[in-house]
Each structure stands twice: as C-alpha cells, then as structure tokens.
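S.K.: Below is a structure I'd like to ask you about.
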C-alpha cells in the first residue's frame, strides 16, 4: 500500500453498544475499531463467531448508528444509509415478481434520475457485466443460486455506489458454485472499478478475494491485525494451491484460534 492511494473509507475509534432491555445490560459489540480502506481494493474481514463483523458492516452502511467514533466515506461522515454505499446480503432478496432486468433496475427506478430508456440501458449493461446476457426476462425462480447472486450484485452496482458492502454473499451456495462465484466477483469488481468490503467466515475465501485480510478480535471487536495478501500472479482457482496461500491460511487461522481460546470459544467455524 502506498501513501499516494486515495482513502475511500475510514473508521476511527468506532464503538458500538447495544442495550438489552430484557436483561437490563449494555453490550459492547465494537470497541475502538480503526480501519482504512483504499480506493480500488477489496478488504475481507474475518474473526471468531459472533465477534461483530456483520454489525460493523451495518455501521458502514449506515443501518446501525455507532455509539462513539466515526466512519467516513470519501471524507464524508456517515449519518445514515446513502447512495454512495450498496449492500449485498447472504440471501439474494430479489423480488420474485420482477424479471432479472427489472430487479437490476429497481434502485434506478426509485432514484428517478434517469429516463426509462436510460435506466434500461444501464440495467442491460450490468446484466451483461455479471454474465447474464440472455436471461434478462427470466424470473428469480428460473435461476440457479449463483445466478441470483449475480443479479443481486448487478442490482447493487446499478446506482454506481462508491463502496460495495458484501455480507457473506456466497454462504448459501454449494461449494462448487461458491468457488466459481469468487472468481467471477473479482472479474466483476475489476471491470466495474469498485472498492469493496467483504465479510466471510471462510478463511480461504478471504485470502483468495482480498488485497488485505482484517482479523477482528473476539467480542467486543477490535482490529487484531491486518494481513497483506502477497500472492503471486492473477487470482485463479489454482492460486489456492500456492504454498504461500497455505501459509497465509495457517497464519490467519492461528490468529482466530487465539481469540477463540481467549474467550473460551473453541470452534472450527469463524462466523459473522
């Protein structure tokens, strides 16, 4: 990472507390998160189960208000949801009564900034970007899981957000489709020129996709460390066979295992 790179998102000393009214207890979920994401990179966040990764992503999206500190996108403080960010969730959440192209254009329809023909043209270009040309008139139930998530990603890109937030978008897919979608996501983001934050409980997925992997501590979450992914060559499925890939995997797993052991939560899963 060079000093000349543009900062896209900055989180500074972010704390987030939840009050449980039934238990009459306050729970600190995030405690002093400091993180910078640079323009054009993909950051993956991993950590022990329940550590607050998805909560942090919700705070970046403006869906959850932080208790202290601040989050900025393009140096603008986040006060709530905005068009400069778009979220892709684990479930595709497509409208079953809308076709592929109508689902993709949904955000554009709500904005009302473009004419109908301009909205259709942009939606069509995004359908093609995610490799679904020829499926424009299909309904969600006529698509595979991977295809539905492609539509979901295209819909998120339609409003041209500055920051794409992906919360375990491939978790519901079968293993083979998930592998293929990882490759496709890198192609889509490269062509679209987007910055992204990706939440996952799969260490190999984080390493394969990311420029840097951010490891959260156990709750309350802090940034335990940031691992630079220094793999050689273009990312393909064969990349996972590199010895360096395995070294990074083992290193990150040990970091997460340390946090799980510290809290008494020993598990082979590292969920959201």
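Every number in this text was worked out from the coordinates using simple rules, so none of it is lab data. Being a predicted model, the structure only gives us computed values, none of them experimental. Cβ coordinates were reconstructed from backbone atoms using ideal geometry, including for glycine residues, and neighbour counts include every protein chain displayed.
S.K.: The list [x] 7, 33, 39, 19, 1; [y] 7, 28, 35, 23, 7, 0; [z] 6, 24, 32, 27, 10, 0 gives values of P(r) over Cα pairs in 10 Å bins from 0, in percent, and only one came from this structure; which label was calculated from it?
M.R.: [y]
S.K.: Could you list 187, 24 so that the one with the fewest beta carbons within 10 Å of its beta carbon is first and the one with the most is last?
M.R.: Numbers: 187 13, 24 7.
Sorted ascending by nearby Cβ count, the order is 24, 187.
S.K.: Return 214, 227 ranked ascending by Cβ neighbour count within 10 Å, so the fewest neighbours appear first. Walk me through the intermediate numbers first.
M.R.: On the way: 214 23, 227 19.
Fewest to most other Cβ atoms nearby, the residues stand as 227, 214.
S.K.: How high is the relative contact order of region 175-265? Use alpha-carbon pairs under 8 Å, at least six apart in sequence, and give a whole percent. Let's see the in-between values first.
M.R.: Values: 69 pairs, mean separation 23.1, N = 91.
In percent, rounded to a whole number, it is 25.
S.K.: May I ask you to sort 181, 9 by Cβ crowding, counting other Cβ atoms within 10 Å and putting the fewest first?
M.R.: Details: 181 21, 9 24.
The order, fewest Cβ neighbours first, is 181, 9.
S.K.: With a 10 Å cut-off between alpha carbons and a GNM built on the chain, which of 196, 68, 59 moves the most?
M.R.: Answer for the Gaussian network model of the chain: 68.
S.K.: If I fit a long axis through the Cα atoms of helix 175-192 and take the longest principal axis of the Cα atoms of the chain, what angle between them do I get, 0 to 90°, rounded to 10?
M.R.: The two axes meet at around 70 degrees.
S.K.: Tell me the mean residue ellipticity at 222 nm calculated for the chain from its helices only (DSSP H runs of n ≥ 4, each -39500 (n - 2.57), averaged over every residue, nearest 500).
M.R.: Details: 8 runs with 93 residues, N = 272.
Counting only the DSSP helices, I get -10500 deg cm²/dmol.
S.K.: D for region 162-260, whole µm²/s, Stokes-Einstein with Kirkwood Rh over alpha-carbon pairs at 25 °C and 0.890 mPa s: what number?
M.R.: Numbers: Rh = 14.3 Å.
It comes out at roughly 171 µm²/s.
S.K.: Taking R0 as 30 Å, what FRET efficiency do you get between residue 241 and residue 174 from their Cβ-Cβ distance, rounded to the nearest 0.05?
M.R.: 0.90
S.K.: Please work out whether region 102-141 counts as rounded, prolate or oblate from its C-alpha gyration tensor, where a ≥ b ≥ c are the square roots of the eigenvalues and a/c under 1.5 means rounded, while otherwise a/b larger than b/c means prolate and anything else oblate? Don't skip to the end; give the middle numbers.
M.R.: On the way: a/c = 2.41, a/b = 1.62, b/c = 1.49.
Prolate, since a/c reaches 1.5 and a/b exceeds b/c.
S.K.: Could you check how many percent of all C-alpha pairs in region 94-160 are farther apart than 13 Å? List each step's numbers first, then the result.
M.R.: Numbers: 1211 of 2211 pairs.
Cα-Cα pairs in region 94-160 separated by more than 13 Å: 55 percent.
S.K.: Students often get this wrong: which residues of region 70-93 have the backbone nitrogen under 11 Å from the point 7 angstrom along Cα-to-C-beta of residue 7?
M.R.: Output list for this probe position: 71-76.
S.K.: Can you classify region 44-165 as rounded, prolate or oblate using the Cα gyration tensor, where a ≥ b ≥ c are the square roots of its eigenvalues, rounded means a/c under 1.5, and otherwise it's prolate if a/b beats b/c and oblate if not? Write down the numbers at each step before the final one.
M.R.: Values: a/c = 2.65, a/b = 1.56, b/c = 1.70.
Oblate, since a/c reaches 1.5 and b/c is not below a/b.
S.K.: Sticking with this structure for a sec: Give the angle, between 0 and 90 degrees and rounded to the nearest 10, that separates the Cα long axis of helix 116-129 from the longest principal axis of the Cα atoms of the chain.
M.R.: Around 60 degrees separate the two axes.
S.K.: So for the chain, averaging the separation of alpha carbon pairs under 8 Å that are six or more residues apart and normalising by length, what relative contact order in percent results? List each step's numbers first, then the result.
M.R.: On the way: 527 pairs, mean separation 71.7, N = 272.
Averaging sequence separation for qualifying contacts and normalising by length gives 26 percent for the chain.
S.K.: Among DSSP beta bridges whose residues both lie in region 122-241, state the antiparallel percentage, nearest 5.
M.R.: 50
S.K.: Here is a follow-up. Which angle from 0 to 90°, rounded to the nearest 10, does the C-alpha axis of helix 145-158 make with the longest principal axis of the chain?
M.R.: For 145-158 against the chain, the angle is about 80 degrees.
S.K.: Of the DSSP beta bridges with both residues in the chain, give the percent that are antiparallel, rounding to the nearest 5.
M.R.: Working: 23 of 41 bridges.
If we restrict to bridges inside the chain, about 55 percent are antiparallel.
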